[in-house]
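Colleague: Attaching a single structure in structure tokens format; questions to follow.
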Amino acid sequence: MNLPNKLTMARILLVPLFVVFYFLPFDFAPYVAVALFVVAACTDFLDGYIARKYNLVTDLGKLLDPIADKTLVTAALFCVVATNPLQYGAGLAGQIGQHGQVILAVCGIIVLARELIISAVRQIAATKGVVIQANVYGKIKTITQDVCLPILIVLNGAKYVNNLFFDVVWWVGFALLIVSTAITILSGVVYLVQNKKVFWESK
């Protein structure tokens, strides 16, 4: 197993550790969870860079990398939906936070639906010998998710938002959540439009 694949495996193994720390009843636990998420997210960029630069792309890597990515993001989404860190907002943020679990759940469903649809399209394309390349919107989506989710986890560790710093963190996290979800929808639509021939052309 080469280095990129080892990094991908490490990302997968970090997911359950991240979930455990997220729910541990200690004040420091969410911050450890944030650190684990950030490390795991960094391996996503690192393994791809190393694989391309040193020509270490393998079929195993092509299989494991998307699994690792989706597992990490899905786990983090489930965690924030379960705990609703948006509820700790103050003022207008607090009013929005009352519906935070619904907002987070809807955003999470959109993200998961997009991933399932694109995975299905790629499978159909593969049977026809067509390779679907990632587009820029997909990359932006990943970046916004990798920034948004740690911020929401930090809010969960704060337990309440009672000063300017955490007010700013709350709004940044909420804004990134909405932007990330919008880009998720946009990237999915672009994928489908760019590859519409996959549905209409016979094998």
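Colleague: Run down Gly138, Gly108 and say which single residue is at pLDDT 90 or above and in the same structural domain as Val193 (by TED's automatic domain parsing).
Modeller: Values: Gly138 fails: at pLDDT 90 or above.
That would be Gly108, the only listed residue that is at pLDDT 90 or above and in the same structural domain as Val193 (by TED's automatic domain parsing).
Colleague: Can you run down the residue pairs with Cβ atoms below 9 Å, 6 or more apart or on separate chains, where the first is in region 45-73 and in the same structural domain as Val15 (by TED's automatic domain parsing) and without any contact (Cβ under 8 Å) to a residue 40 or more places away in the chain and the partner is buried (at least 16 other Cβ atoms within 10 Å of the Cβ) and of a type in the set (Asp, Glu)?
Modeller: Phe45/Asp146
Colleague: Could you please let me know if Val179 is outside any helix (DSSP H, G or I) and either surrounded by 14 or more Cβ atoms within 10 Å (Cβ to Cβ) or acidic (Asp, Glu) (or both)?
Modeller: no
Colleague: Testing Gly91 on (1) crowded, with 19+ Cβ neighbours inside 10 Å; (2) modelled with pLDDT under 90, one condition comes back false. Which one is that?
Modeller: It fails just one condition, (1).
Colleague: Step by step: first the residues of region 114-128, then only those that are touching a residue at least 12 places away in the same chain (Cβ under 8 Å) and of a type outside the set (S, T, N, Q), then the one that is surrounded by the fewest Cβ atoms within 10 Å (Cβ to Cβ). Which residue is that?
Modeller: Checking each candidate, the answer is Lys128.
Colleague: Taking Asp47 as the residue in question, decide whether it is among the acidic types (Asp, Glu), surrounded by 15 or more Cβ atoms within 10 Å (Cβ to Cβ) and modelled with pLDDT under 95. Talk me through it step by step, then tell me what you get.
Modeller: Values: among the acidic types (Asp, Glu): yes; surrounded by 15 or more Cβ atoms within 10 Å (Cβ to Cβ): yes; modelled with pLDDT under 95: yes.
Spelling it out, Asp47 is indeed among the acidic types (Asp, Glu), surrounded by 15 or more Cβ atoms within 10 Å (Cβ to Cβ) and modelled with pLDDT under 95.
Colleague: For Gln101, state whether it is more than 30 Å from Val32 (Cβ to Cβ) and either out of contact with any strand residue (DSSP E or B) (no Cβ under 7 Å at 6 or more places or on another chain) or surrounded by 14 or more Cβ atoms within 10 Å (Cβ to Cβ) (or both).
Modeller: No.
Colleague: Would you check if there is a residue in region 162-172 being assigned to a helix (DSSP H, G or I), of a type in the set (Val, Ile, Thr) and touching a residue at least 24 places away in the same chain (Cβ under 8 Å)?
Modeller: No: region 162-172 contains no residue that is assigned to a helix (DSSP H, G or I), of a type in the set (Val, Ile, Thr) and touching a residue at least 24 places away in the same chain (Cβ under 8 Å).
The values are calculated or read from the model by the stated rules, or taken from the named source; none is laboratory data. This structure is a prediction, so every number in the text was calculated from the model and none was measured. Cβ: placed from backbone, ideal geometry, glycine included. Neighbour counts: every protein chain shown.
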